[in-house]
1. As an exercise, use a Förster radius of 25 Å and the Cβ-Cβ distance of L166 and M135 to find the FRET efficiency, rounded to the nearest 0.05.
2. Let me test this: with uniform point scatterers at the alpha carbons of segment 48-193, what is the Debye-based log₁₀ I(q)/I(0) at q = 0.15, 0.16, 0.17, 0.18 1/Å?
3. Sorted by average packing, counted as other Cβ atoms within 10 angstrom per residue and highest first, what order do 84-95, 48-59 take?
4. Pairs of Cα atoms under 8 Å, at least six residues apart: use those to get the relative contact order of the chain, whole percent.
5. Looking only at K157, K80, K42, which one moves most when the chain is put into a Gaussian network model with springs between Cα atoms under 10 Å?
6. Nothing charged except the Cβ atoms of Lys and Arg (+1) and of Asp and Glu (-1): what's the magnitude of the dipole of the chain about its Cα centre? Round to the nearest 20 debye.
7. Just to be sure I understand the model, the point goes 7 Å from the Cα along the line to the Cβ. What's the resulting L66 to L5 distance in nm?
8. Based on a Kirkwood Rh over C-alpha pairs, give the Stokes-Einstein translational diffusion coefficient of segment 1-90 at 4 °C and viscosity 1.567 mPa s in µm²/s.
Amino acid sequence: MEMSLQEHNERKAKSYKMLLWFAMISIVMVFAGLTSAYVISKSRPDWLNTFTLPSAFIASTVVMVLSSLSFHLAKKAIQKDDRKATTMYLLATLVLGLAFVFLQFQGFSQVIASGYFFTGSESTITTSFLYVVVMVHLAHLFGGLAALLIIIYNHFKQKYNSTQTLGIELGAMFWHFLDFLWLYLFLFFYFYK
């Protein structure tokens, strides 16, 4: 018996979502390893107990949460076939995503201005861990930004509507995951001193 187009699309969507879940689980495992190493390294005598996160990281956290909200609103808008609102929310997500990256590098600048370095003879294990974790998160965020640019391109090519939202759904899933991951990392570094 031949499968209908709707059944085919549903299976395809389920397969893509499952692949994304596997990718996100593997990313979680990477960060679980990094944060576990951080916890173990705290017992080192050269660990900085007085180090505090720069204010730019706090601002970037707010920006990331807002970007997650705008991506959610884009998904809701396309489900209602509101192309204008979808465009606005997707572009807002892009701007907020880029602002997040900018603020992360501002945070690095603030750490260096405080006299702490990430690499070299003047670096500490504490700041090196922060650098590695943030850079690994940024690498994944660049993947999210690339996916977002593809989604925006496909949206302008009118590939999405209320019956075809898979690309936006997958993008939003990954973006929300990156948001959750950053919140976890931020709270971990903020409270686990």
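Throughout, read-outs are computed from the coordinates displayed, never taken from laboratory work. Treat the numbers as computed from the prediction; the structure is a model and nothing was measured. No Cβ is skipped: glycine too gets one built from the backbone with ideal geometry, and neighbour counts run over all protein chains shown.
1. Details: r = 31 Å, r/R0 = 1.23.
For R0 = 25 Å, the calculated efficiency reads 0.25.
2. Here log10 of I(q) over I(0) equals -0.73, -0.80, -0.87, -0.94.
3. Values: 84-95: 18.1, 48-59: 14.8.
So the order, starting with the most tightly packed, is 84-95, 48-59.
4. 29
5. K157
6. Numbers: 14 positive and 9 negative charges, 55 e Å.
In debye, rounded to 20, the chain gives about 260.
7. 4.1
8. Calculated translational D: 73 µm²/s.
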